[in-house]
Each structure stands twice: as C-alpha cells, then as structure tokens.
1. Pairs needed: first member in segment 132-146, buried (at least 23 other Cβ atoms within 10 Å of the Cβ); second member anywhere, among the basic types (Lys, Arg) and modelled with pLDDT of 95 or more; C-beta distance under 7 Å; at least 6 residues apart or different chains.
2. Of the conditions (1) surrounded by fewer than 22 Cβ atoms within 10 Å (Cβ to Cβ); (2) aliphatic (A, V, I, L, M); (3) farther than 17 Å from ILE19 by Cα; (4) in contact with a strand residue (DSSP E or B) (Cβ under 9 Å, 6 or more places away or on another chain), LEU203 clears all except one; give me its number.
3. Looking at segment 94-110 only, could you name the residues that are under 18 Å from GLU120 (Cα atoms) and not aromatic (Phe, Trp, Tyr)?
4. Among the candidates THR110, THR179, which residue alone is polar (S, T, N, Q) and closer than 25 Å to GLY223 by Cβ?
5. Identify, from the list THR201, THR179, the residue that is under 18 Å from ASN107 (Cα atoms) and among the hydroxyl-bearing types (Ser, Thr, Tyr).
6. Within the bounds of segment 149-159, is there any residue that is closer than 17 Å to GLY28 by Cα, within 16 Å of the chain's Cα centre (by Cα) and among the charged types (D, E, K, R)?
7. Of all residues in segment 29-39, count the ones that are within 14 Å of the chain's Cα centre (by Cα) and either of a type outside the set (D, E, K, R) or surrounded by 22 or more Cβ atoms within 10 Å (Cβ to Cβ) (or both).
8. Checking the conditions here, which among ALA53, ALA74 is surrounded by 15 or more Cβ atoms within 10 Å (Cβ to Cβ), without any contact (Cβ under 8 Å) to a residue 60 or more places away in the chain and over 20 Å from VAL147 (Cβ atoms)?
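The values are calculated or read from the model by the stated rules, or taken from the named source; none is laboratory data. Only a predicted model underlies this, so the values are computations on that prediction, with no experimental measurement involved. Cβ atoms come from the backbone with ideal geometry, glycine included; neighbour counts cover every protein chain shown.
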Amino acid sequence: MSQPQRPPFTRSTDRRIAIIGSGRMGRGLVRQLAPYHQGLLWGSRDPQRLTAAAAELGVAGSVEPADHDQALRADVVILALWHRDAVTFADRYADALAGRIVVDIANPFTDDFEDFTLPETTSAAEELARRLPGASVVGAFKNTFWVVLDDPDFPEGPSDVLVTGDDPAARRAVIELLTPLPFRVLDAGRLANNRTIERMTLLGRELAVRHGHYPRISWRLLGAADEQSR
C-alpha cells in the first residue's frame, strides 16, 4: 500500500541518523526515515552494495551509503541487527559509540523463533546498554515485524512504536525523530520494560501463526489517546 506524501519534518536541533544493517528491518527503516531526514547514513561493511539497494527503495537521493566508521559519526545510531550481531557490533565499536544515542530494535529470539536466548531477568536492550556504558541506549520497534514497516495501518489504527530508555533526554530525542513516521510513537518508560515488550512480541508471533496472519503483526494499545505520546 502506498503511503501518503508527507512534508519534510523540521526540528530546531537536527541530529544525524545512521542505520546499521541491510536486512528486512534495516531496509524498512531506511525507507521510512529517508523522506524526513536528509543525509541519512546507511552503514555496512560493504557500502557500495547499498547504493543499488537505496535506488531499489526509491530513496537514493536521501541516503548516504557509508562504512561502519563513517556511520558511527552520526548522533543517533540505529542497530538494525539480530541481537547476537548487535552485541558483537557493540563490543567492537564501544569507544566509537560513546556519547551517541544507540537505538536497539532486536529481540533475543532463538533461531527457530520459539524461545529466548536471554533469561526473563534481562532484555536485549539492557544487555546492549551494559556493553555500551558511554552511550545512551534506547529501545524501539521491538513490537513491530518487518512487513509492518511497509504498511503500518491496521483497522484499529496505526501500529504503535514503543520507545524505552533510562536516559529521558535520549528517549525524547528518539521519539522526536520518529514522530513524522506513519506510526503512533509512545513513550514506554525505562529500558527494563523491554523484558515485557520483547516477550509480548514473541507471543504476538505465536498468535499470528496460529490464526494465519503472520508476519503481519504488531501491537497497539487500545484506549490510548490518538495523538502521539511525548
């Protein structure tokens, strides 16, 4: 479904954004963010192949393919990686990520999507934060499967994006960056709330498989105000 044309989003303080990862979620986030954030950096170990990918997505003029070192100069770095790969990336680039806002979108699912690789006493976002003490880690898009990035509208309304973080300023900054997207962006509080969000996402997958509409599944809080929560 084609999305309506929206005007560019302007802010008093502009932050440079980078997306690391070229899988389904990475491509979906690039497609969503590029129209509103000129000069979006798309990072990869092989940035040349991202030039063709950006053209396929129709955002070539708004995206700058970059290697990892270049992408990590951004103010906000979105890790569109599997949890295990995000951990490896964080360990390698912890120094470069210091002082940055790092957005974690991963769920710590097992390879068969049947369970978790982490105990219920922690979450993927918290584990990432432990490895990046110099960064402000924010969780987002954990409740959203990749197909929803193409079309976030449901009969009940647009999919929610739940934004979490222990640094209130970083959490507000990410909410502001996501505000122009065709989602309802909600402040979901502290980083530890990802323990619940990650698990309800797997429950959503199980229900969607059982009732025959996987992977088009997301979460929307019924009863919340229509306007975005800041």
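1. Filtered contacts from segment 132-146: VAL138/ARG171.
2. Of the numbered conditions (1) surrounded by fewer than 22 Cβ atoms within 10 Å (Cβ to Cβ); (2) aliphatic (A, V, I, L, M); (3) farther than 17 Å from ILE19 by Cα; (4) in contact with a strand residue (DSSP E or B) (Cβ under 9 Å, 6 or more places away or on another chain), the odd one out for LEU203 is (4).
3. Quick first cut of segment 94-110, residues under 18 Å from GLU120 (Cα atoms) only: 104-110.
Once the filter is applied, which keeps residues that are under 18 Å from GLU120 (Cα atoms) and not aromatic (Phe, Trp, Tyr), segment 94-110 yields ASP104, ILE105, ALA106, ASN107, PRO108, THR110.
4. On the way: THR110 fails: closer than 25 Å to GLY223 by Cβ.
Checking each option against the conditions leaves just THR179.
5. Working: THR179 fails: under 18 Å from ASN107 (Cα atoms).
Sole residue among the options that is under 18 Å from ASN107 (Cα atoms) and among the hydroxyl-bearing types (Ser, Thr, Tyr): THR201.
6. Checked segment 149-159: at least one residue is closer than 17 Å to GLY28 by Cα, within 16 Å of the chain's Cα centre (by Cα) and among the charged types (D, E, K, R).
7. Start the filter on segment 29-39 by keeping residues that are within 14 Å of the chain's Cα centre (by Cα), which leaves 29-34.
From the residues that got through so far, the ones that are either of a type outside the set (D, E, K, R) or surrounded by 22 or more Cβ atoms within 10 Å (Cβ to Cβ) (or both) too are 29-30, 32-34.
Final tally of qualifying residues: 5.
8. ALA74
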